[in-house]
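Worksheet for the structure shown next.
The values are calculated or read from the model by the stated rules, or taken from the named source; none is laboratory data. Just so it is clear, the structure is predicted and the values come from calculations on it, not from any experiment. Methodologically, a virtual Cβ is constructed for each residue, glycine included, from the backbone with ideal geometry; neighbour enumeration extends over all protein chains shown.
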C-alpha cells in the first residue's frame, strides 16, 4: 500500500530507504532491493514510470487489529500507524505494471 509521496520529509525517506536490502555490488546510497527483490534507486523516488522507482509503503495498515484493546502498543492513533517501524521501501513500477 503506497502513501502520498509528497508527505514524507528527507529524514523519513532516508530512514525507510535504509530498510531496503543492500546489494553488495552497488553503493547502498544509490541502489537497494525491496522486500520482493525488486531493484530501487534512490534517485528514482516517487517515479512510477521508472523500473527502479520506489515509494514508501505501510507494512501493516492496522497494526492494532485483533490485539487486546487494553494493551499499549506504542502506536500513535493519529498517525494511522505510519511511524518508521511500520513503513517500508517498495518498488512502485512493479506495483503498477
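For the range 31-41, give me each residue that is over 16 Å from residue 87 (Cβ atoms) and surrounded by 12 or more Cβ atoms within 10 Å (Cβ to Cβ).
Of everything in the range 31-41, those that are over 16 Å from residue 87 (Cβ atoms) and surrounded by 12 or more Cβ atoms within 10 Å (Cβ to Cβ) turn out to be 31, 33, 38, 39, 41.
Return yes when residue 72 is out of contact with any helix residue (DSSP H, G or I) (no Cβ under 8 Å at 6 or more places or on another chain), at pLDDT 90 or above and part of a loop (DSSP other than H, G, I, E, B) and no when it is not.
Judged against the criteria, residue 72 is not a match.
Of all the residues that make up the range 48-63, how many are surrounded by fewer than 16 Cβ atoms within 10 Å (Cβ to Cβ) and either over 19 Å from residue 8 (Cα atoms) or at pLDDT below 60 (or both)?
The qualifying residues number 3.
Taking residue 66 as meeting all but one of (1) within 10 Å of the chain's Cα centre (by Cα); (2) at pLDDT below 95; (3) not in a strand (DSSP E or B), write down the number of the exception.
Status for residue 66: all satisfied but (1).
I'd like the full set of residues that are over 17 Å from residue 53 (Cβ atoms) and in contact (Cβ under 8 Å) with a residue 60 or more places away in the chain, limited to the range 7-18.
Within the range 7-18, 12, 15 qualify.
Quickly run through the range 1-26 and pick out the residues that are at pLDDT below 95 and not in a loop (DSSP other than H, G, I, E, B).
Across the range 1-26, the qualifying residues are 2, 5, 6, 7, 10, 11, 12.
Collect the residues in the range 27-63 that are touching a residue at least 40 places away in the same chain (Cβ under 8 Å) and not in a loop (DSSP other than H, G, I, E, B), keeping them in residue-number order.
Correct list: 32, 39, 40, 45, 55, 56, 57, 58.
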